[in-house]
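Throughout, read-outs are computed from the coordinates displayed, never taken from laboratory work. What you are looking at is a predicted structure, and each value in this text was computed from that prediction instead of being measured. Please note: Cβ atoms are built from the backbone with ideal geometry, for glycine as well, and neighbour counts cover all protein chains shown.
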Amino acid sequence: MQVYLSENVFLGMILSAIEVYKSECYGLLLGLRTNEKFVIDYAIPYQSAKRGRTWAELRQDKWMVISKIVKNFPKLDVIGDFHSHTMFGESRADIVLGREDVEYMSENELQIVVAINDKIKSQVWDNNRDGTISGTIDRYHCKVAAYYLPNSDKSHQPKLAEIYCPFAVGLLVKGG
Ligand SMILES: [Zn+2]
């Protein structure tokens, strides 16, 4: 499974994660899905996300408001969501899905996680072997992972998709 991220989508998610660091950001992904790939056109930060509300709570009503509107755009669909995992005290965030992340994930839905931490040293953005992408920007290190549930798999075990983001790869952000 491949996931295509445009420049807008990549920046949208990274900036959301940085903006609220060290809180977590949440948002929706709009775009198209085929059998082999997800093409994400928009990453929309969830503005009603309030401190203290969990992502699980937000997920329950996220569809109502936005999917009603998206129905008017025949080439767009809500194809999933994104959120960040952030550094907590000294413990560094990673891309591993939490129990609730897995529980609330539904079939045909993509879930992107941006793990964001304080930068240790600068790193050019690149693809990793597991399908994720990572690099540094400003004083942060970010790793982006995209999870999907294979149709044939009844075990409800999300798998990593391969992220394709030509804009990000090779990117060395000034001061990054
Ligand atoms: Zn999570």
Worksheet item: Residues with amide H under 5 Å of Asp41's amide H, sequence separation 5 or more or different chain, H placed in the peptide plane at 1.01 Å from N; which?
Response: Leu30, Gly31, Leu32
Discussion item. Please list, ordered by chain and number, the residues whose modelled amide H lies under 5 Å from the amide H of Leu110; skip anything fewer than 5 residues away on the same chain.
Written reply: Gly80, Asp81
Fill in: Counting DSSP beta bridges with both ends in the chain, the antiparallel % (nearest 5)
70
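Of all trypsin sites (Lys or Arg not before Pro) in region 131-172, which ones are in loop regions per DSSP and have a Cβ with at most 10 other Cβ atoms within 10 Å?
Numbers: sites: Arg139, Lys143, Lys154, Lys159; in loops: Arg139, Lys154.
Here the sparse-neighbourhood loop sites are Lys154.
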Worksheet item: Projected onto the charge dipole of region 2-164 (+1 at Lys/Arg Cβ, -1 at Asp/Glu Cβ, origin at the Cα centre), which of Gln111, Asn35, Thr86 gives the Cα projection farthest towards the positive end?
Response: Thr86
Practice prompt. Taking amide H positions as placed in the peptide plane 1.01 Å from N, state which residues far from Ala161 in sequence (5 or more) or on other chains have amide H under 5 Å from it.
Written response: Ala146, Tyr147, Tyr148
